1. Placing +1 on the Cβ of each Lys and Arg and -1 on the Cβ of each Asp and Glu in the chain, which of S316, H454, F403 has its Cα farthest towards the positive end of the resulting dipole?
2. Only loop residues by DSSP count here, and only those with at most 15 other Cβ atoms within 10 Å; note down the chymotrypsin sites (Phe, Trp or Tyr not before Pro) in segment 339-406 that meet that.
3. Quick one: of K197/K495; K197/K384; K128/K226; K197/K401, which pairs are farther than 23 Å apart, Cα to Cα?
4. Roughly how many Å² of H609 are accessible to a 1.4 Å probe, to the nearest 10?
5. Would you tell me the accessible area of D88, worked out with a 1.4 angstrom probe on the heavy atoms of the protein chains, in Å² to the nearest 10?
6. Hey, rough spin-label estimate for V647 and N402, points 7 angstrom out along Cα→Cβ, what's it come to in nanometres?
7. Taking a 1.4 Å probe, which of M475, M1, M150 shows the most accessible area, and what order do the others take after it?
8. Distance between Cα centroids, segment 420-494 to segment 108-157: provide it in whole Å.
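The values are calculated or read from the model by the stated rules, or taken from the named source; none is laboratory data. Computed from a predicted structure; not experimentally measured. Please note: Cβ atoms are built from the backbone with ideal geometry, for glycine as well, and neighbour counts cover all protein chains shown. Just the protein is used for accessible areas: all its heavy atoms, side chains included, with ligands, DNA and RNA removed. Shrake-Rupley method; radii C 1.70, N 1.55, O 1.52, S 1.80 Å.
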Amino acid sequence: MNITSSSVPNNYDLITKYRGEISGIVVYDDAQIDTLNLATTVAGEKNALVASPSLVSTLTSAPYNLPIVADFRGKFSSKLQVYQYLYDNHFAQQTHRALIGIDPGGIRGTIRDYAVAVNTAVIWLDPKVGDEKTLLNKFLAKMPVNSAYMGWWPEENSGVTAASAYGVSTVASDWSTNLTVFGGTSRTVNVKPIPNKPVLQNKIYVTFIMSDGDNLQYMEHAFKSKWDSSDRGSIPLGWTVAPAMLDAAPGLLNWIYNTATPNDCLVAGPSGIGYTYPNIWSNQSNLSSFISKSNDYCSRAGLRVLTVWGNGVSGSTNTAAGNSYADNAPSLLGITAQNAGGGWTTYNNVLPSMAFSGNYCSKLSEMQSAISNGSNGFNGTAPKFISIQPVAWNFTVTDIKNFANTLGSNYVVVRPDTFFQLYRETVQLPIEPNNIVKKYEAENQPYDASPFQHSVGRADGDGWSANKSQDNAGMMLYGPYVTTFPQGMLTTNFKIKIDSITGNNDKTVTIDVRDATTGEILASQDIYRSQFKAANAYQDFSLSYNNTAGHQLEFRANYQKTAKITIDKVTTLKNIIKYEAEGTVLGHGCGRAVSDGWTASPTEDGAAHMIYAPYETNVPIGNRSVTFRLKVDNNTLDNLKVATIDVNNAATGAILATMDINRQQFTGSNQYQD
């Protein structure tokens, strides 16, 4: 990390050097060892040193002459008395944003310097013991939501459960050392981008995600022995890390990125910024806040996949928690669940979750069994996906490599982020979810109420429909008057289907986006029968507009009583890039600039490219939509081809998409249409 250090021949010289910052000593009682935690707590409050009874004579004598600011020898007869005294007399003076659990009988040093530095209480209370749990709950109840319980618990499941009930997550760190150094290093983290996704094939995709990276002491110690393997980089591999490293050890996280290969993928450990069981959180608003903060940390740490432990080491994620991740963690490509079996769930139609095919595998035979079970039914006509979580303490990179090399030609090992991108492509979810602002269902769902109001129509299967026999013309949906969408250019897609595309070319529905704060229609489109490509097949109709931050946005669909129309979803996305046809970025083979665009006409121009370029390299990988906004001078004269639009991979010369546009595809003359 390029931090210089110097050795001190005699540690006591440091007391002399920094004597002006030391108020004295706090003495603990060897006969009642929990006073060590009390002494650590008071030392943080008083800017003092923790001292054992055997050191009192040395530290109070010349040349140190440190006064005793608190002496706990002979003061307590039980563990519970110690922590009750701490709670009654000192907890009010500590920060409540953190609480540290340290076993005083097993850990004398390690994280204690951090406890003193941040002035937090240190305890060791067992949630399985009645009186201890009652006192523990008093501490937890004083802590704000999204606080951290650091160190560790007497027993994992009961401890994490107890903290989760109060909106407090656990940051495992009991054997961490030097967090006061790591926490003070540079905050810069040079996140590496995701490599390009391979072409989706009908293969069995396998990903391996090493466990336990949420543990800060593991990241500091055992992790490096595995990371230093000469085989690292030979196969794609996921490494769980703690998003909290952004605060606790940012320089260490940056070192990991600086030494990572393209096959190394960092994944967020359970279940976000800290280890918690989201199923247990009783307050949904607090859980949303935790997940939103976790999304911020994951985004800044470059973590696009997150492991979620719903209610334990082998627990599933319940629907409410999964939907909260979908709503509040838009940067995630996917999440994993602990209920082994390989099943998929997509929360709120945007966030895929896969239960590990092999969960916490500690033996090679368990990974082999997970591969065998996950491969059942594969016939080469569609891709399958298998996720394996090896126990980090039991396997090396070489072990994983050797096992992966035993898989046949039908298997492809990929990074976890690539794994979820490929699955998203398989089920037609956006490969880059960061561009989605919000997705609303037109009708109520079991997991959520639709934000829209309706003047006509009814819930119908997977959408909201209106038909000629039951409904008059009117608003199929309107709302939700949202004020939180970002400033600037947005695109809203209405997912709509029609019962029949034959017959008169009637206007069927009008969609618009309205600024309800000012009453201005920001974008509008009349949709005619001929614009649907097929009957009873959903199709996206897009409106692009410039949003004003803080204004109320309303999305509306005005039914025209000419066909059965069904609306499934209304999805708003951030525009990635927008080019003006008459701007300086695009090239032209014919035509000229006009007031709001670039025009060509048969009397002045030959057939040629009106626009081409810009040879853009910054569009994220995956499925993309490109919208050309055009108008024609006459839409009824004939039905000749008037333009061809395409997207060209200029590096290879391949045409990725193309469309011929005929005159009568325009619904009006001299009116722009997408």
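1. Among S316, H454, F403, the one farthest towards the positive end of the dipole of the chain is F403.
2. Details: sites: W344, Y347, F356, Y360, F378, F385, W393, F395, F403; in loops: F356, F378, W393, F395.
Listed in order of number, the matching sites are W393.
3. K197/K495; K128/K226
4. For H609, solvent-accessible area is about 120 Å².
5. 100
6. Label-label distance for V647 and N402, simple model: 4.5 nm.
7. M1, M475, M150
8. 44
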